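Working notes for the structure below.
The values are calculated or read from the model by the stated rules, or taken from the named source; none is laboratory data. In this text the structure is predicted, and so the values were computed from the model without any measurement. Using ideal geometry, Cβ is built from the backbone for each residue, glycine included, and neighbour counts are taken over all protein chains shown.
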Amino acid sequence: MVKLIIVDVDGVLTDGSLIVGDSGEEFKVFHVRDGLGITLAISAGIGVAFLSGRYSRAVATRAKDLRVEEVYQGVANKLAAYESLLKKYSLDDKEVCYIGDDLSDIPPLKRAGASYAVADAAEEVKKVAKRVTKNPGGKGAVREVIDSLLKSSGLWEKAVAKVETESSEG
């Protein structure tokens, strides 16, 4: 059973576009359904980590909004970060789901028990991943993966009930 979902950011949580303002500030667009999927996973007791090769304040802000505590940015070696997370939480590869889209994601995709490439991922990534989403990055692919994991593990109803209760209390 998956206990940790590691999500690449650019091209997975976003569509990969980089919007840079005149002052150099970087903007990212996140899909609200992916956010709810992450909330569902956390509500079901599954950890979520963001792993990005770039650094962006927008990613830190989004992670905080979603209560994602493990955020690795500016990571050149994603496999090293992956291994660090496994060690920190005493997990085996089979307990990890990794979602990626580009070449730097290949090493952790090869190791994770559940590995997904988003629909518009690089062809090399699609060949390595165990599954490919129907949705492209930044357009609900993360939600698609999380829904599938929760339903196949019997955690869907529990997660939905918890999120419904929390949102009705807020």
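Things worth noting here:
- Identity of the residue in segment 1-35, surrounded by fewer than 17 Cβ atoms within 10 Å (Cβ to Cβ) and within 27 Å of residue 92 (Cα to Cα), that ends up nearest to the chain's Cα centre (by Cα): 3
- Residues (under 24 Å from residue 17 (Cβ atoms) and more than 14 Å from the chain's Cα centre (by Cα)) located in segment 65-80: 65, 74, 75, 76
- The residues of segment 107-162 that are of a type in the set (Asp, Glu) and either at pLDDT below 95 or more than 14 Å from the chain's Cα centre (by Cα) (or both), listed by number, are 120, 123, 124, 157.
- Residues located in segment 1-41, provided they are at pLDDT 90 or above, of a type in the set (A, V, I, L, M) and either within 25 Å of residue 106 (Cα to Cα) or part of a loop (DSSP other than H, G, I, E, B) (or both): 1, 2, 4, 5, 6, 7, 9, 12, 13, 29, 38, 41
- Residue match in segment 73-83 (condition: at pLDDT 95 or above, of a type outside the set (Val, Ile, Thr), under 25 Å from residue 162 (Cβ atoms) and crowded, with 21+ Cβ neighbours inside 10 Å): no
- Subset of segment 105-147 that is closer than 19 Å to residue 29 by Cα and among the acidic types (Asp, Glu) - its residue that is surrounded by the most Cβ atoms within 10 Å (Cβ to Cβ): 144
- Per-region count, segment 37-72, residues surrounded by fewer than 17 Cβ atoms within 10 Å (Cβ to Cβ) and in contact (Cβ under 8 Å) with a residue 60 or more places away in the chain: 1
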